[in-house]
């Protein structure tokens, strides 16, 4: 059992609608898993339950053996800040902060001094092909560059799991391809697991494993063989 | 077509879009109601001055035929002032005075309703005994305010009261008509009202402008998208103006209704010793029409100014480019405006003073965003924690928006600083309690004193009577009993024709009244300013959260504690508020320096401290009120751009 993150019999309802109907899923260390499915299938709800953003109505979520779905909002919030990283489709960078401060922000939130946080943040710019972009603001970056800054920000705290929700949804095919490559490589290089929600098979192809969600249930592949 | 699309955008804005619209409507309504008050107050003082003008007679010019002799004197009862107008007809067809059915015949007396009621309420020996029996009641057109005590007494032209020597200011004069002219006092009040209005109107206009931009802030993404799909700048401007004007028009109507509903309360504000006639405080049709037209127009113009970036570049909003830096020229404009003040004094023309104050006020508003951006840079550079860093960067990114949140309180700081130096102190009097003094013609003090003793004895008032060359002083035995004092006044009425026996407090009545009125005026101006400032802070804080809800939501998802977001938001407001509030107080005090009466007094400084405390507390409270909104927008589990 080297599962980093596991969801057991996860159920979530919104009124009469069953968004998740008893889903079992597990992710191993440094594994990249794609969650695929059409709109409204429940894939984003699954990601939110696994990331501690939303509490499931039934079922359990475990991170490195510790149950997290029973934690209070404050604890889950701290967990998201320290053990998880997030990459969204767009809008996650603060427009008023330069790129390096956007990356340094999670470290500062964790109590790291500003100078050190910015120094650590800058170390990510080279490997992600962002040299010279440190002081640019998000409005002055291309879509692909902004996503790479977001990847740096997700990884700067050395998280156990990175969650990516349609990370290439706003990018053209070539830029999306580069972004996924960097996301998967950087995550793996840091020993973190990656969970990507997407409806694009090309994106899913970058992952080690794909799980399909339909009508709140997994069709296959929820637990590694 | 544009109008139809605008209407659809307005209606289809969703719950949050509609919230923005409601906030704008509410802000315009508050602005309109207060604007009506600020503007109408001037006309109200003018109306008062004109209604009282007939009691301030103008001597007939050389060659003009005099139709009457008119004199005004002051008497007192229970510490309230009575205006007594003595009228004597010259010829057979004298003009009819305002509020009276005819010119009073000798021996007739007309009382104002308040005096009539008081005369009925008090024993005749305390009040009514001073006048002939009441013939009739004066109408409103003869009165400055509803509670004014006025007596119009008919006299013969050769009656002692009309001919006895008096001071140059209050001697009866032969008049060609009863129009008179507004008194110096009433003109002084009009000047104070005008200054008060300028101090209130500028923050109101700023608030209205902020409200208009709030509409634009809610829509700019959508309008930028319209530009991207090919809408012309003219179409975008047209739609923006149409939307802002529709909302503003509804706001103006709501504000007018709110003002009408508040009128009974407003008439109770006591000025010059009494409340107001409702008609005084209700705007004349031209004023009302101008407001209904001008406010939506100003809101529309303000909205256009806010949209400039969208119109110039459709990608401007969508890509969130770095805004252009503020120009230092703004500071130079303020310095130029302030440079005018040391050259002024109390003898400077009122139009110049009012224009200079207005200009200084607007300059503070102009320099505000520049200072906010500067503070932002300093804050961001020195920030160690995330909250201050976020606040500093946000201030640099959008100083205008941050200024809008605090501008109201900062501008109120200007008002408070200005008024703190102008607040007069307390009158000190060396008057002897219970002592009535009456001026007597030279050489007659012994006779007058003897008559006074006789009259007081007959009236049963125990008192000691002393005399000097030109004054007879009567000190009643029961000094603390107002009834005894008024019996003394009544007994001494007519002792010296044309003169009344007064206490030291009576002689200081006008000065004390002016001080009290400046106090009330200050409270009114500051209350209006604070109401606007705090409403402005609340609305802009809420709209700022709505505008940034996606960023806030994603930060929360990534584990940013709500407390950090809230601290950043608070710092974003309090840092510029501290600097600009303090700066505005100093600028306001500087502007008041040329018009100071002596050294600043404790009252002014206490008022200043209370203002600073209230301003900070109000802005903090307004910010705290929007915290649930912050919590609501950040608990949205899947924020999507809309």
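Would you check if residue A:118 is closer than 23 Å to residue A:52 by Cβ and either more than 9 Å from chain B (Cβ to nearest Cβ) or in contact with a helix residue (DSSP H, G or I) (Cβ under 8 Å, 6 or more places away or on another chain) (or both)?
When the stated conditions are applied, residue A:118 does not pass them.
Within the set of pairs 6 or more residues apart or between chains, which connect a residue that is assigned to a loop (DSSP other than H, G, I, E, B) inside region B:624-642 to a residue that is exposed (fewer than 14 other Cβ atoms within 10 Å of the Cβ) and at pLDDT 55 or above with Cβ atoms less than 8 Å apart?
Once the first residue is assigned to a loop (DSSP other than H, G, I, E, B) and sits in region B:624-642, its partners that are exposed (fewer than 14 other Cβ atoms within 10 Å of the Cβ) and at pLDDT 55 or above give B:642/B:14.
What's the total number of residues in region B:561-588 that are without any contact (Cβ under 8 Å) to a residue 24 or more places away in the chain and within 14 Å of another protein chain (Cβ to nearest Cβ)?
Within region B:561-588, residues that are without any contact (Cβ under 8 Å) to a residue 24 or more places away in the chain and within 14 Å of another protein chain (Cβ to nearest Cβ) number 2.
Could you please let me know if residue A:159 is part of a loop (DSSP other than H, G, I, E, B), more than 9 Å from chain B (Cβ to nearest Cβ), in contact (Cβ under 8 Å) with a residue 40 or more places away in the chain and more than 14 Å from the chain's Cα centre (by Cα)?
In short, no.
Can residue A:20 be described as under 18 Å from residue A:197 (Cα atoms), touching a residue at least 24 places away in the same chain (Cβ under 8 Å), surrounded by 24 or more Cβ atoms within 10 Å (Cβ to Cβ) and over 15 Å from the mean Cα position of the chain (by Cα)?
yes
Does any residue of region A:3-22 turn out to be at pLDDT 90 or above and within 30 Å of residue A:141 (Cα to Cα)?
Scanning region A:3-22, I find no residue that is at pLDDT 90 or above and within 30 Å of residue A:141 (Cα to Cα), so the answer is no.
Quick one: which residue in B:406, B:432, B:461 is in a helix (DSSP H, G or I) and at pLDDT below 90?
Answer to the check: B:406.
Among residues belonging to region A:121-140 that are within 13 Å of chain B (Cβ to nearest Cβ) and surrounded by 20 or more Cβ atoms within 10 Å (Cβ to Cβ), point out the one that is farthest from residue B:398 (Cα to Cα).
Once the filter is applied, the top-ranked residue is A:121.
I need the full set of residues from region A:84-107 which are farther than 26 Å from residue A:172 by Cα and buried (at least 24 other Cβ atoms within 10 Å of the Cβ), in order please.
Scanning region A:84-107 gives A:84, A:101, A:104, A:105, A:106.
Inside region A:38-64, can you point out the residues that are more than 17 Å from the chain's Cα centre (by Cα), modelled with pLDDT of 90 or more and on the phi > 0 side of the Ramachandran plot?
A:59 - this is the single residue of region A:38-64 that is more than 17 Å from the chain's Cα centre (by Cα), modelled with pLDDT of 90 or more and on the phi > 0 side of the Ramachandran plot.
Restricting attention to region A:46-69, which residues are within 13 Å of chain B (Cβ to nearest Cβ), out of contact with any helix residue (DSSP H, G or I) (no Cβ under 7 Å at 6 or more places or on another chain) and free of Cβ contacts under 8 Å to residues at least 40 places away in the same chain?
Answer for region A:46-69, where residues must be within 13 Å of chain B (Cβ to nearest Cβ), out of contact with any helix residue (DSSP H, G or I) (no Cβ under 7 Å at 6 or more places or on another chain) and free of Cβ contacts under 8 Å to residues at least 40 places away in the same chain: A:48, A:55.
For residues that are in contact with a helix residue (DSSP H, G or I) (Cβ under 8 Å, 6 or more places away or on another chain) and not in a helix (DSSP H, G or I), scanning just region B:409-429, find the one that is modelled with the highest pLDDT.
Ranking the candidates gives B:423 first.
Filter region B:527-544 for residues that are surrounded by 21 or more Cβ atoms within 10 Å (Cβ to Cβ), away from chain A (no Cβ under 14 Å) and over 25 Å from the mean Cα position of the chain (by Cα) and give the result.
If the condition is that a residue be surrounded by 21 or more Cβ atoms within 10 Å (Cβ to Cβ), away from chain A (no Cβ under 14 Å) and over 25 Å from the mean Cα position of the chain (by Cα), then B:541, B:543 are the ones that fit.
Counting only residues that are touching a helix residue (DSSP H, G or I) at 6+ places or on another chain (Cβ under 6 Å) and within 14 Å of chain B (Cβ to nearest Cβ), which one in region A:1-19 is farthest from residue A:84 (Cα to Cα)?
A:19
When you look at residue B:446, is it assigned to a helix (DSSP H, G or I), more than 29 Å from residue B:72 (Cβ to Cβ) and in contact with a strand residue (DSSP E or B) (Cβ under 7 Å, 6 or more places away or on another chain), yes or no?
The answer is yes for residue B:446.
Take the residues of region B:376-403 that are within 22 Å of residue B:203 (Cα to Cα) and in a helix (DSSP H, G or I): which is farthest from the other protein chains (Cβ to nearest Cβ)?
Only one residue fits best here, namely B:403.
Can you tell me which residue among A:72, A:22, A:37 is away from chain B (no Cβ under 12 Å) and in contact with a helix residue (DSSP H, G or I) (Cβ under 8 Å, 6 or more places away or on another chain)?
A:37 is the lone residue from the list that is away from chain B (no Cβ under 12 Å) and in contact with a helix residue (DSSP H, G or I) (Cβ under 8 Å, 6 or more places away or on another chain).
Restricting attention to region B:323-340, which residues are closer than 28 Å to residue B:187 by Cβ and buried (at least 20 other Cβ atoms within 10 Å of the Cβ)?
If the condition is that a residue be closer than 28 Å to residue B:187 by Cβ and buried (at least 20 other Cβ atoms within 10 Å of the Cβ), then B:337 is the only one that fits.
The values are calculated or read from the model by the stated rules, or taken from the named source; none is laboratory data. Owing to the predicted nature of the structure, the values given are computational and were not obtained by experimental measurement. Every residue, glycine among them, receives a Cβ derived from its backbone with ideal geometry; neighbour counts consider all protein chains shown.
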